Amino acid sequence: DPQGRIHGVLGLNVFSGYRVTMDLAKGRLLLTPCADDAAGAPYWDVAGQMLVRASASPGVEGLFLFDTGAARSMLARSFVDAVPGAQVAAAAGVRTYGGNVAGASSVRGVKLRFLDVLSTGGSVYTSDLTQRSRLGGVEISGFLGMDLLDRTTIVIDTRARKVAVVTP
């Protein structure tokens, strides 16, 4: 980050053995011991990436990186091509922790869903995520960002490998 606001990224491995509750509306992080009653959807840790199964209307599914550090969700260009009604619009300037995303465009006509959380239907972005998929060894359909997760409470049980998202 050129402004020095970010000094590093915490991966999920830091929280191993804990149930992590992120109350994004209140800006709180709570660590408690894992419990036997873990609820939610399964997640997979692949090459340090937390992957979850999510969908885009009307029902196309894929593996998405669960990314609470991303301001907006992003879709792989190959995933957008499989979503009926999705329209790639104009080029878009997308900045991330690693810099600008080359070749990014906005996409209209796509609503993302993870568990019971549905995006509002505003623009999401697309880019070629082939290299990211190749590095992780698994096809990445996109990133779920804060446009979908904002103001929710996220509970990650690292022992059960489950994640739940509760809307206010």
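The values are calculated or read from the model by the stated rules, or taken from the named source; none is laboratory data. The structure displayed is predicted, hence computed values, not measured ones. When we count neighbours, we look across all protein chains shown, and the Cβ atoms used for this are built from the backbone with ideal geometry, even at glycine. Surface areas here come from the heavy atoms of the whole protein model, side chains and all, with no ligands, DNA or RNA. Shrake-Rupley method; radii C 1.70, N 1.55, O 1.52, S 1.80 Å.
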On the protein heavy atoms, probe 1.4 angstrom, tell me the percent of accessible surface of the chain carried by carbon and sulfur.
-> 51
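Could you work out the mean projected area of the convex hull around the alpha carbons of the chain, in square nanometres to one decimal? Can you show the working numbers first?
Numbers: hull surface 39.5 nm².
About 9.9 nm², averaged over all directions.
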Sticking with the crude label model, points 7 Å out along Cα→Cβ, report the distance from Gln131 to Trp44 in nm, one decimal please.
-> 2.3
Positive end of the charge dipole of the chain (Lys, Arg +1 and Asp, Glu -1 on Cβ, about the Cα centre): tell me which of Trp44, Thr68, Ser106 has its Cα farthest that way.
-> Ser106
Work out the FRET efficiency for Leu31 and Arg151 from their Cβ-Cβ distance, taking R0 = 30 Å, and round it to the nearest 0.05.
-> 0.90
Report the label-to-label distance for Arg161 and Gln87 in nanometres (one decimal), using points 7 Å from each Cα along the Cα→Cβ vector.
-> 4.1
In nm, to one decimal, how far is the Phe15 label point from the Leu118 one, both placed 7 Å along Cα→Cβ?
-> 2.7
Within the chain, what's the longest stretch lacking trypsin sites (Lys or Arg not before Pro) that sit in DSSP loops with no more than 15 other Cβ atoms inside 10 Å?
-> 27-150
To the nearest 0.05, how large is the calculated FRET efficiency for Arg108 and Ala71 if R₀ is 22 Å and r is the Cβ-Cβ distance?
-> 0.75
Test item: Cα-centred dipole of the chain, Lys/Arg +1 and Asp/Glu -1 on Cβ, debye = 220
